[in-house]
Amino acid sequence: HRGVRAVVVVVVVVVVVVVVVGYFVGRRTQGWYLDACVPTSAPLRTACVSVSDDTLPLGTPHAGPPHTQAVNESFVDRWAMRGDSAGDHSPPNTRFPAPTYSLFAFPAEDNFAGVKYPLSWVKGVQSRSTDSHRWLVMVDAAAYVPTQPLDLSQVPVDFVDMSFYKMFGYPTGLGALIMKTSLVPLLRKVFWGGGTVALATSEDNFHVLKCRPSDRLEDGTVAFLDVIAVKHGLNMIHKLGGIRRVQEHVACLTEWLYTHLAALRHSNGAPMLAIFGKHNMPNHRQVQGGIVNFELLKPDGSIFSYKTVEKEAAGAGFHLRTGAECNPGACYNYLGVQESEVESLAGKKEGCEDDVEFIKVQRPVDRGQSGAPRGGGPQVGRGAPGLSAGVARVVEHFRRRVRAGGLGRAHVQGQGGVKAAGGAGVAVAGAGKERG
């Protein structure tokens, strides 16, 4: 971006937060300490993972498990935006010379319910830096940039990742990590592969990384055939009128869809859906993205089988994304599923594609939160070229099938209640549909 010196690294791994943290790990030999704040997938939460001074490069034993602390949206607002010093902290070990570094990472938009988080956090967190301790900020923009502009001259983020797949629908597995060039000397790779070294030996593990930052960080052969397709994807957005035109188009579709889905009622007056996110807030365009994630409810408040919902939607001619949408933390948070209950499924559940939809819990279930809690759900993908007629078909499908009593054959049962993990969602996002 103009006015910003940055390095663009093409990546084929989506979880670049781990990659960035991995580069910092092992700075012990250089006298650095890292306290990394990386996001969990739960909405309104981030997890702070402290990488202690005795943490060595990957594969090396260390003194114990990393410390984890969860902070919510209100905490970030008090600490970063209003300057509450109660949230400040210092590294537990001060043997190393200043400055020490912290990494605060958060999603610009979460991919489960489409909630958007304030980009003003970037400057707010950076302002907590001191001469001896510096806060760096990483923004996960993978779900944000497909339908909204991100101006790096106004949002001076240190690291930002994005997915071209989520922007265009093609090619799969291709994205980018953008970082400030001034931060490149701080990064120490704890692994290396072909294409990143200028010299290497086999016996002593001697190696010299290439000079250009992008060259030293892109291991293996770059997916050059896929990279060529990015140009055509960017041209497509330009022909549609630019990203702001896409933003307005998606926002209008999302508002229409939410309004009509929220109005659906059973004959007894009970709502047909429990919708997640911040669609009902007065400033919804600022805090809610182009995803409508919901649970389809029966007249008694219990839920329909998400697998049945997916199959019948496919039969009607449109795609629903089902399961936890690769965001289990947000899913469990919205549905009220406890971590211990998820852990009890170890060895029993393989993912959203298996046959485990419900789990039994030994406690009362709050059906008022989102119907009966569950184990998965669907999501519809609409793109920038999407038409209002397509969104209207989604609404009409649920209205007709649910009222006819022909949707879903699963029933809810259990001792004290049944929990599940997942939501039925409609994503009106991007120039292509996501399935990752």
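The values are calculated or read from the model by the stated rules, or taken from the named source; none is laboratory data. Just so we're clear, the structure is a prediction, and the values are computed from it rather than from any experiment. Backbone-built Cβ (ideal geometry, glycine too); neighbour counts: all protein chains shown. Surface areas here come from the heavy atoms of the whole protein model, side chains and all, with no ligands, DNA or RNA. Shrake-Rupley method; radii C 1.70, N 1.55, O 1.52, S 1.80 Å.
Tabulated values for the structure
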{"item": "Qualifying residue in the range 186-199 (condition: open to solvent by 40 Å² or more (accessible area, probe 1.4 Å), within 23 Å of Val157 (Cβ to Cβ) and modelled with pLDDT under 90)", "result": "yes"}
{"item": "Helices (runs of 4 or more DSSP H) (entirely within the range 200-300) containing at least 2 residues that are free of Cβ contacts under 8 Å to residues at least 12 places away in the same chain", "result": "224-239, 243-262"}
{"item": "Residue count for the range 96-127, restricted to those that are in contact with a Lys or Arg (Cβ under 9 Å, 6 or more places away or on another chain), assigned to a loop (DSSP other than H, G, I, E, B) and closer than 20 Å to Asp77 by Cα", "result": "3"}
{"item": "Hits in the range 129-162 (condition: of a type outside the set (Val, Ile, Thr), under 22 Å from Arg285 (Cα atoms) and under 14 Å from the mean Cα position of the chain (by Cα))", "result": "Asp140, Ala141, Ala142, Ala143, Tyr144, Pro146, Met162"}
{"item": "Verdict on Gln247 being modelled with pLDDT of 90 or more, within 28 Å of the chain's Cα centre (by Cα), surrounded by 16 or more Cβ atoms within 10 Å (Cβ to Cβ) and within 24 Å of Asn333 (Cβ to Cβ)", "result": "no"}
{"item": "Qualifying residue in the range 344-360 (condition: more than 24 Å from Tyr144 (Cα to Cα), modelled with pLDDT under 80, out of contact with any helix residue (DSSP H, G or I) (no Cβ under 7 Å at 6 or more places or on another chain) and not in a loop (DSSP other than H, G, I, E, B))", "result": "yes"}
{"item": "Given (1) of a type outside the set (A, V, I, L, M); (2) open to solvent by 60 Å² or more (accessible area, probe 1.4 Å); (3) touching a His at 6+ places or on another chain (Cβ under 9 Å), number of the condition Phe318 does not satisfy", "result": "(2)"}
{"item": "The lone exception for Leu150 - which of (1) open to solvent by less than 20 Å² (accessible area, probe 1.4 Å); (2) assigned to a loop (DSSP other than H, G, I, E, B) it fails", "result": "(1)"}
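Condition check ((1) of a type outside the set (S, T, N, Q); (2) at pLDDT 75 or above) across all residues:
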| site | (1), (2) |
| --- | --- |
| His67 | yes, no |
| Ala70 | yes, no |
| Trp79 | yes, yes |
| His89 | yes, no |
| Pro99 | yes, yes |
| Ala108 | yes, yes |
| Asn111 | no, yes |
| Pro118 | yes, yes |
| Trp121 | yes, yes |
